[in-house]
Amino acid sequence: MIFEVFRLNGRLLVAADDLVSGLGLSSARWQVLWAIDIAGIPQPVAHLARSMGLNRQGVQRIVNELASEGLIAFSENPNHLRAKLVTMTEQGRKAYAAADRLRRPWLAALAEGLSGPDLDAALRVMAMLRQRLE
């Protein structure tokens, strides 16, 4: 099962790269924008990385690229002098919204023919395995 998850992850990343490439995004950049969006409030890179299950250094590299392209911005963190808070700029929100418009039909096509109970069971198993690894 773990090997199948690795294979699925690889295929998802390739498919997501293809889906958002016309927007100037990659699956990695899209994931970081997603993490910023669902956080609801500005977060430091370390918190974003933790929420994504990734290491801080990898997320920092992507955040720096997004910042250099004007998709995200940094602001002062009142709780930490060096760990800046990350927010999406207007340009970043537009790019994320465009990716989200592509995401909905893509996910609907992927889920076609799968039952709600099957998807719920798969999600529960994946969440339990992730929690055990954490």
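A short reminder: the numbers here are calculations on the coordinates, not readings from a lab. As the structure is a prediction and not an experimental result, all values here were calculated from the model. As a convention, Cβ positions derive from the backbone with ideal geometry for all residues, glycine included, and neighbour counts pool all protein chains shown.
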Practice task
Give the range 77-134 a look and list any residue that's among the small types (Gly, Ala, Ser) and over 28 Å from Gln60 (Cα atoms), or say none.
Solution key: Ala108, Ala109, Ala111, Gly113, Ser115, Gly116, Ala121, Ala122
Exercise for the section: Kindly list the number of the only condition in (1) in a loop (DSSP other than H, G, I, E, B); (2) surrounded by 15 or more Cβ atoms within 10 Å (Cβ to Cβ) that fails for Ile41. Expected result: (2)
Exercise for the section: State all residues of the range 66-102 that are more than 15 Å from the chain's Cα centre (by Cα), part of a helix (DSSP H, G or I) and surrounded by 15 or more Cβ atoms within 10 Å (Cβ to Cβ); if no residue qualifies, say none. Expected result: Ala67
Practice task
With the condition kept exactly as written, say whether any residue in the range 50-62 is without any contact (Cβ under 8 Å) to a residue 60 or more places away in the chain, more than 26 Å from Glu134 (Cβ to Cβ), surrounded by 18 or more Cβ atoms within 10 Å (Cβ to Cβ) and not charged (D, E, K, R).
Solution key: no
Problem - Residue count, the range 44-61 (criterion: in a helix (DSSP H, G or I) and over 11 Å from the mean Cα position of the chain (by Cα)) - result: 9
Practice task
Specify the residue that is farthest from Lys94 (Cα to Cα); the eligible residues are those in the range 16-35 that are in contact (Cβ under 8 Å) with a residue 60 or more places away in the chain and part of a helix (DSSP H, G or I).
Solution key: Leu19
